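For reference, the structure is listed below as structure tokens.
The values are calculated or read from the model by the stated rules, or taken from the named source; none is laboratory data. A quick note: this is a predicted structure, and the numbers were derived from the prediction, not measured. Note: ideal-geometry Cβ built from the backbone for every residue, glycine included; neighbour counts use all protein chains shown. For accessibility, only protein heavy atoms count, side chains too; no ligands or nucleic acids. Shrake-Rupley method; radii C 1.70, N 1.55, O 1.52, S 1.80 Å.
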Amino acid sequence: MTALIVGASGQVGGLLLARWRARGGKAVGTAFRHGRPGLRSLDVRDAGAVAGLVAEVRPEVVFLPGAMTHVDYAEEHPEECRAVNVAGTAHLARAVRGTGAVLVHFSTEHVFPDGPDPYPEEASCAPRSVYAQSKAEAESVLRDLLPDRHLILRTSWVYGPEEQGKNFVYRAVATLRRGERLVVPADQYGQPTYSPDLADAALDLVAAGRRGTFHAVGPAFLTRLAFAERIAAAFGLDAGLIRGVPTATLGQAAPRPLNIRLRRGKLQAALGRDPIRGPDAALAALRKDSAGLLGSAA
Ligand SMILES: NC(=O)c1ccc[n+]([C@@H]2O[C@H](COP(=O)([O-])OP(=O)(O)OC[C@H]3O[C@@H](n4cnc5c(N)ncnc54)[C@H](OP(=O)(O)O)[C@@H]3O)[C@@H](O)[C@H]2O)c1
């Protein structure tokens, strides 16, 4: 099977590309600003380029981890965010519509408002930020244009091995290794999700012929402060440098949800296992597997 991975220079996309190939599949990956050898260049805002690449590669599966993911930048550049995350998704969906390919999209827990109970997949969206709104609209685009051939994985707080070294664990490890104070919100709860497990879950859903929307998040539900403390413990770093503060004091451009929890049972039922490790096992694996990368982040 041939896959096209749009956003293969990113955290999740890089793992999808490597793991798809490791399973014996053919794959073409794309980059936007962080090109590297072996990746094609693609801006999803260019409908003609998107259609041309799909026609050339003729994928049976298209993964779309590519997106504008910087939540605060998106808040201050709403048109650019919509052009990438909404129009870009539509360009890809239209390009694959007549081909029979399935399109796999990655969305976020931010499509929901804060709430006391875990959200099931079918709960109504009510996004608050520009980024979250764009992801909710992208989901709608896929359900409209590819009603029977989309997979949407909503995820949260993704971390793991990453060439660009920008996820929270890398930044936390680098800061603590320098002996600097790490300031994190103490009132934001989330479900840290280990990226290799997320990538494998996506590949397994495709292999099982699944379609529709799935929540793909880790088993722990904890504050950013508690997660930072787990990171410090896993990497043998000084947790005393971590300072938890209220989100309201951070001056972030985009509103942040404080308490959104995604229900996890549907993905486990579909795969017959719990595919995503908790933070302690995942951080131990990350420390072991990416000593070089995390070393260079320090
Ligand atoms: N990371 C999280 O905590 C998290 C949480 C919930 C949901 N998600 C969703 O999961 C997906 C993957 O996240 P990630 O952490 O892997 O993101 P990431 O590391 O920021 O990667 C984003 C990818 O999108 C590409 N891209 C950006 N603008 C583009 C454009 N105009 N045209 C084509 N490609 C473009 C980037 O290319 P260059 O780097 O080459 O510019 C990069 O490959 C995203 O859809 C995100 O919204 C992530």
With r as the distance between the Cβ atoms of residue 250 and residue 55 and R0 = 51 Å, compute the FRET efficiency 1/(1 + (r/R0)^6) and round to 0.05. 0.65
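Quick one: pull the percentage of alpha-carbon pairs in region 1-75 with a separation above 21 Å. Provide the component values of the computation, followed by the final result.
Working: 616 of 2775 pairs.
Cα-Cα pairs of region 1-75 separated by over 21 Å account for 22 percent.
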Extension gain from residue 124 to residue 181, taking 0.36 nm per residue of separation minus the Cα-Cα distance: 16.6 nm
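What is the Rg over Rh value, at two decimals, for region 190-248, using alpha-carbon atoms and the Kirkwood definition of Rh?
1.14
Give the percent of DSSP beta bridges with both residues in the chain that are antiparallel, rounded to the nearest 5. Display every interim value, and only then the final one.
Details: 2 of 34 bridges.
So the antiparallel bridges in the chain amount to around 5 percent.
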Amide H to amide H, which residues 5 or more places from residue 186 or on other chains are under 5 Å from it, using H placed in the peptide plane? 245, 247
Relative to the longest principal axis of the C-alpha atoms of the chain, give the angle of the C-alpha long axis of helix 130-145, reported between 0 and 90° and rounded to the nearest 10°. 30
Once phi is turned into θ = phi - 60°, what whole-Hz ³J(HN,Hα) does the Karplus curve with 6.51, -1.76 and 1.60 give for every residue of region 187-193, x standing for Gly and Pro? 10, 9, 9, x, 10, x, 10
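Quick one: Kirkwood hydrodynamic radius for region 140-298, alpha-carbon pairs, angstrom, one decimal?
Numbers: mean 1/r = 0.0592 Å⁻¹.
Computed over region 140-298, the radius equals 16.9 Å.
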With 0.36 nm assigned to each residue of separation and the Cα-Cα distance removed, residue 70 to residue 143 gains 23.8 nm
To the nearest 10 degrees, how steep is helix 11-22 against the longest Cα principal axis of the chain, on a 0 to 90 scale? 60
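So what's the net charge close to residue 29: Lys and Arg +1, Asp and Glu -1, counting the other residues with Cβ under 13 Å from its Cβ? Intermediate results must be reported in sequence, preceding the final value.
Working: positive: 19, 21, 26, 36, 40; negative: 163.
Every neighbour counted, the sum reads +4.
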How long is region 219-264 along each principal axis, judged by its Cα atoms, biggest number first, in Å? 32, 32, 12
Extending each Cα 7 Å along its Cβ direction at residue 273 and residue 258, get the distance between those two points in nm, one decimal. 3.9
For region 58-74, Karplus-derived ³J(HN,Hα) couplings (6.51, -1.76, 1.60; θ = phi - 60°; whole Hz; x for glycine and proline) come out as 6, x, 8, 9, 10, 9, 10, x, x, 5, 7, 10, 7, 4, 6, 4, 4
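Tell me, what % of the accessible area of the chain is carbon and sulfur with a 1.4 angstrom probe? It would help to have the intermediate numbers written out before the result.
Details: 6100 of 12480 Å².
Of all accessible area on the chain, carbon and sulfur atoms account for 49 percent.
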Solvent-free Debye scattering, log10 I(q)/I(0), computed from the Cα coordinates of the chain at q = 0.11, 0.12, 0.14 Å⁻¹: -0.63, -0.76, -1.06
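Mean residue ellipticity at 222 nm from the helices of the chain, using -39,500 (n - 2.57) per DSSP H segment of n ≥ 4 over the full residue count, to the nearest 500 deg cm²/dmol? Intermediate values should be presented prior to the final figure.
Numbers: 12 runs with 119 residues, N = 298.
The helix contribution divided over the chain gives -11500 deg cm²/dmol.
If you average the sequence gap of Cα pairs under 8 Å that are 6 or more apart and divide by the length of region 216-298, what percent do you get for the contact order?
Values: 41 pairs, mean separation 37.4, N = 83.
About 45 percent, as a whole number.
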So how far, in whole Å, is the C-alpha centre of region 212-243 from the one of region 10-35? 26
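Note down the relative contact order for region 187-253 as a percent, whole number, built from C-alpha pairs under 8 angstrom at least six residues apart. Let's see the in-between values first.
Numbers: 46 pairs, mean separation 27.4, N = 67.
That works out to 41 percent.
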